[in-house]
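Engineer: Let me begin by handing over the structure; questions about it come next.
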Amino acid sequence: MWPWNASTEGEIYLFHFHQPLGNPNNRRAQASHYVGFCEDLEARIAKQLAGRGAKIVAAALARGIGYDLYHWPACLAVEKLIKARKQTSLYCPACAAAAGRTVRPLPSVVIQLALPFDEDLPEVAIGRMDWLEMKMMQEWRGSRIPAPSGIDDDLL
């Protein structure tokens, strides 16, 4: 249900076009895949095939370019990672079969969970530093901040 967040569960779908779209003279200006995310896969694919989804899918359909469709259950954050890496062919089963390699598994995402604040946090004893803490602090300061000239470092 909209609005989505990174942990929203749904389906990632991948269109693999049988011919690349774009400038045939520039390999970097061509697209062979489209990756998307949805919660209702059937409704989203119907919308894509009707030409009311992504413009690249509509352009491929208008040119009569064939496609293969793959999908996996995953969260929205995984789709964002795939798009950010700009190497969709690594996750495409058709490209992997053509290259004679295995399909790379989808990236895993660690989502931070909220801490349960119903319990009381433990008390922290506040007091004077002992000798070891003072020496550690002194070494840390010595490595970070040089003592000004004329000041004894033991007093810091």
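What follows is calculated from the coordinates using simple rules that are stated; it is not laboratory data. Source: prediction; values computed, not measured. No Cβ is skipped: glycine too gets one built from the backbone with ideal geometry, and neighbour counts run over all protein chains shown.
Engineer: Multiply the residue separation of Leu121 and Glu42 by 0.36 nm, subtract the distance between their alpha-carbon atoms, and state the gained length in nm to one decimal. Walk me through the numbers before you get to the answer.
Structural biologist: On the way: separation 79, 0.36 × 79 = 28.44 nm, distance 4.70 nm.
23.7 nm is the gain from fully extending Leu121 to Glu42.
Engineer: Sticking with this one: Efficiency by 1/(1 + (r/R0)^6): what FRET value for Ala58 and Thr102, r their Cβ-Cβ distance, R0 = 30 Å, to the nearest 0.05?
Structural biologist: Values: r = 32 Å, r/R0 = 1.06.
Calculated value: 0.40.
Engineer: Still on this structure: Picking from Ala50, Tyr70, Ala99, whose Cα lies most toward the positive end of the charge dipole for the stretch 9-99 (charges on Cβ: Lys, Arg +1; Asp, Glu -1)?
Structural biologist: With unit charges placed on the Cβ atoms, the residue in question is Ala99.
Engineer: If you don't mind, another one. Treat the chain as a sphere of radius equal to its Kirkwood radius over Cα pairs and apply Stokes-Einstein at 25 °C in a medium of 0.890 mPa s; give the translational diffusion coefficient in µm²/s, rounded to a whole number.
Structural biologist: 119
Engineer: OK, next. If you place +1 on the Cβ of every Lys and Arg, -1 on the Cβ of every Asp and Glu, and leave all else neutral, what size is the dipole of the chain about its Cα centre, to the nearest 20 Debye?
Structural biologist: I would put it at about 1700 debye.
Engineer: Let me ask something additional. Which Cys residues of the chain have no other Cys beta carbon under 4.7 Å away?
Structural biologist: Those would be Cys38, Cys75, since no other cysteine Cβ in the chain comes under 4.7 Å of theirs.
Engineer: Next up: Set the Förster distance to 30 Å, then compute FRET efficiency between Asn25 and His71 from the Cβ-Cβ distance, nearest 0.05.
Structural biologist: Here the calculated transfer efficiency is 0.35.
Engineer: Defining a contact as two alpha carbons under 8 Å apart and six or more residues distant in sequence, what relative contact order in percent does the chain show?
Structural biologist: Taking the mean separation of contacting Cα pairs over the length of the chain, I get 23 percent.
Engineer: Output wanted: per-residue J couplings in Hz (rounded whole) for the stretch 23-32, from phi through Karplus 6.51 cos²θ - 1.76 cosθ + 1.60, θ = phi - 60°, x for Gly and Pro.
Structural biologist: These are the phi-based 3J(HN,Hα) values: 7, x, 7, 10, 4, 6, 9, 10, 10, 10 Hz.
Engineer: Moving on to the next point. Could you state the principal axis extents of the C-alpha atoms in the stretch 9-99, from the largest down, to the nearest angstrom?
Structural biologist: Principal-axis extents of the Cα atoms in the stretch 9-99, largest first: 39, 28, 22 Å.
Engineer: Over all distinct alpha-carbon pairs, what is the Kirkwood Rh of the stretch 46-89 in angstrom?
Structural biologist: Averaging 1/r across every pair of different Cα atoms and inverting gives 12.1 Å.
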